[in-house]
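What follows is a single structure, written as structure tokens, with notes after it.
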Amino acid sequence: MARRLLSIWFPRLASDTSLRTRPLEGPFALTHRSGNTDHLHCLNMAASARGLHRGMALADARAICPDLATRPADLAREAAALASLRRWAGRYAPMVATDGTDGLMADISGVPHLFGGEADLRDDLQARLERAGLHATSAIAGTLGAAHALARHGGGIVADGRLVEGIGPLPVTALRVDQDTAEALARVGLSRIADLVHLPRAPLARRFGPGLVLRLDQALGAQSEPVAAEPDAPHFGVRMTLPEPIGLQSDVMAGLARLLDRLCAKLAATHMGARRVRLELRRVDRGTAQVEIGLARPMRDPARIAALFAKGVDEIDSGFGIDALRLTAPVTEALAPEQIGGQIGGGPAIRHDDALADLLSSVGNRIGFDRVLRLLPATSLIPERSFLLAPAAWSTPEPDPRRGGAARPITLFPPEPVTAASGTPPASFRWRRMRFTTLRATGPERITPEWWFDDPAWRTGLRDYWRIETQEGPRLWLFVTPQAQSWAAAEGQNWYVQGEFA
């Protein structure tokens, strides 16, 4: 079977994609900033007809065409559009690869007869792209280099065994050589591919480099060049079409359970877990409803995910009925294989980590995951700077490096002055208009200010902290500033409360 390759070139992919969503009349171009200057990135046909071209400075373009409409280029969107077209082109070939940033290369060997021949296949391709509003040129040849060259110079079909006749009239730039090599060839009168075909390869390589000879041999089939089709990224989505419309919450949840089994099986096959799951419901009136949940950690347990959908599904307006469901996991993360389910004492086994993750997911879906915080230890002995607040869904608990050291109160607040009796620690003191009597005291724990921070609260110097158990019940965290002035010490005014233990 002869090898046949289909090359598809999209000379205006970025502008066509932008104009499909927001149509404009007249000259139009996408701009891309390089250095300190905006340049034209992609133009429509009206702009090209006015003499503008890719790479031109925007200021020069406006001088030539004052009515030029522009938008900033979105390179990520352009790449996504080409990726979508690559998946679409799978209707014509089992193996499709990207060819640069604006083209596709498909191996159609053994396929054209399904469409009535190569000409009918190419006509069908061009017609579909034209209906989609995309400018494209396609070519079919026996080598990748020949198909690439012909697609960018008018398109067409090169019959098997007639490569020289098919691409010979094309300029040498069609061989994918750099501009310096093409100019050097033109200076010696070698401007077409046909001028190079019958020349000895060794002198060409010595004078113009081995790259020219390689590209020429690849285009003529003397050197193999595979179609390197990258594998498709896994798509985590499943759908279900119903023979009869449904509207009850129980029916929707039953359909969701079936979809979750399939989705989680896909996730497990690639060792992934979902962080967001989206349920889309299509009504018989063609309206749609959507429920999306977030997960505090990667998960692929159908039962636990389904429980998070119950509230959102109950609030859906099913209208005259729902006839299709689609479930996707738009955000995923790696998740190693783990055991789920199981039984403990006749009931389902839920580990502590899973129960905490379910709680965080439930609360986060109601008030926002950025509002559910956890405390993380920080590398500081200063009480106010000894912890960090981080979203619980996007962080993992960490052990406190000071574990086993001095205890810290469960509640911290800014230092509040107390009126204390004499003694260290004081036998009694007044705080918040209440009098307390010291029953037991543990300390002191001396903490020195961090000299590299200028914290006004610590300008009084080092502190001696005491754990005070009072006869009235509260267990407080008091400190004294031993370097305070003598008159303050005499009056008992250098004692403060900064925390309360559980």
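The values are calculated or read from the model by the stated rules, or taken from the named source; none is laboratory data. Everything numeric here is computed off the predicted structure, so don't read it as measured data. All Cβ positions, glycine included, derive from the backbone under ideal geometry; neighbour counts span all protein chains shown. Ligands, DNA and RNA are excluded from the accessible area calculation, which covers all protein heavy atoms including side chains. Shrake-Rupley method; radii C 1.70, N 1.55, O 1.52, S 1.80 Å.
Table for the structure above
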item: Any chance G237 is among the small types (G, A, S) and on the phi < 0 side of the Ramachandran plot; result: yes
item: Within the range 425-438, tally of residues that are surrounded by 15 or more Cβ atoms within 10 Å (Cβ to Cβ) and not in a strand (DSSP E or B); result: 2
item: Selection within the range 250-296 - open to solvent by 70 Å² or more (accessible area, probe 1.4 Å), out of contact with any Leu (no Cβ under 9 Å at 6 or more places or on another chain), not in a helix (DSSP H, G or I) and not charged (D, E, K, R); result: none
item: Check on A132, under 37 Å from the mean Cα position of the chain (by Cα) and either open to solvent by 30 Å² or more (accessible area, probe 1.4 Å) or basic (K, R) (or both); result: yes
item: Filter result (in a loop (DSSP other than H, G, I, E, B) and open to solvent by 60 Å² or more (accessible area, probe 1.4 Å)) within the range 316-331; result: D317, F320
item: Test: residue in the range 22-42 that is part of a helix (DSSP H, G or I) and polar (S, T, N, Q); result: no
item: First in the range 428-442 and under 12 Å from P474 (Cα atoms) and touching a residue at least 24 places away in the same chain (Cβ under 8 Å), second anywhere and open to solvent by less than 80 Å² (accessible area, probe 1.4 Å) and not in a strand (DSSP E or B), Cβ under 8 Å, 6 or more apart; result: W431/V418; F436/P474; T437/A427; T438/P425; T438/P426; T438/A427
item: Residue match in the range 339-346 (condition: of a type in the set (V, I, T) and either outside any loop (DSSP other than H, G, I, E, B) or modelled with pLDDT of 90 or more (or both)); result: yes
item: Residue list for the range 50-101, restricted to those being in a loop (DSSP other than H, G, I, E, B) and open to solvent by 70 Å² or more (accessible area, probe 1.4 Å); result: R50, H53, R54, P66, D67, D74, P94, T101
item: Considering residues of the range 133-147 that are in contact with a helix residue (DSSP H, G or I) (Cβ under 8 Å, 6 or more places away or on another chain) and either without any contact (Cβ under 8 Å) to a residue 60 or more places away in the chain or part of a helix (DSSP H, G or I) (or both) only, the residue nearest to V227 (Cα to Cα); result: L144
